[in-house]
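Here's the structure, in structure tokens; my notes come after.
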Amino acid sequence: LVDLNIYVANQILSYNNGGNVFQSNTDIPNVGLRLGFNWGEEGKRSTVGLSGLWGQDHPNVKKHQSFLGDVDWQWWATDNFAFGGEAIYRQIDWDPATSAGFGRNGKYYAGLVNLRYDFSDVWDGTIKYAYSRDVNGANSAGALVTPAYGTGGVQSLLGMKEQMHEITLAGNYTITDGAKLKLEGDYSLVRLPGTTRKNQQVFGLAGAFAYEF
């Protein structure tokens, strides 16, 4: 009914700005955990999880750590209908000692909700909406990428103060025990800052055949 996972890793919250990713070790490991609560029947078990992650983004700098918080859930309201989702907040702290004394923390949040319905023993469908936002990314027309590590500026995962919306429709058809067809369609809208950039729209379609031996 209750599970707890705790782990340590080297630089899992890696500094991602100007290409400096996983290039240096940190002398203090990152620590993460997830506390989960589970109930219901096997195969349609409801879950709620609380996760946290803390560590260094800057190699061998023992302050200005970064962190992440997350909650996820999947609730089977009936035998045929499930409501799931996730919400996350992420912060990357800037280090004034190595950033010429100026800059801003990188802040991000995102979430998703998904609705699944089992139409029969062989058909099921899911609709999902997801959203993400870079709060403090660069927003001027010429600042597409924030300064590299050691020159100050904004800590940014995406490089821009952007928002993204995504809608997904998916369906599964069980041919026989262990064999399943999958089809998924996706639409994404990326809203970019400034007046000189155009919003981006992306369409995608994917199919798969899965077989369990």
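Laid out as a table, the results:
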read-out: FRET E, pair GLU212, ASN105, Förster distance 41 Å, beta-carbon r, rounded to 0.05; value: 0.35
read-out: Summed residue charge, Cβ within 12 Å of LYS44's Cβ, Lys/Arg positive, Asp/Glu negative; value: -3
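Rule-based calculations on the coordinates, nothing more; no lab input. Just so it is clear, the model here is predicted, and its values are computed rather than measured. We place every Cβ from the backbone using ideal geometry, glycine too, and count neighbours over all the protein chains shown.
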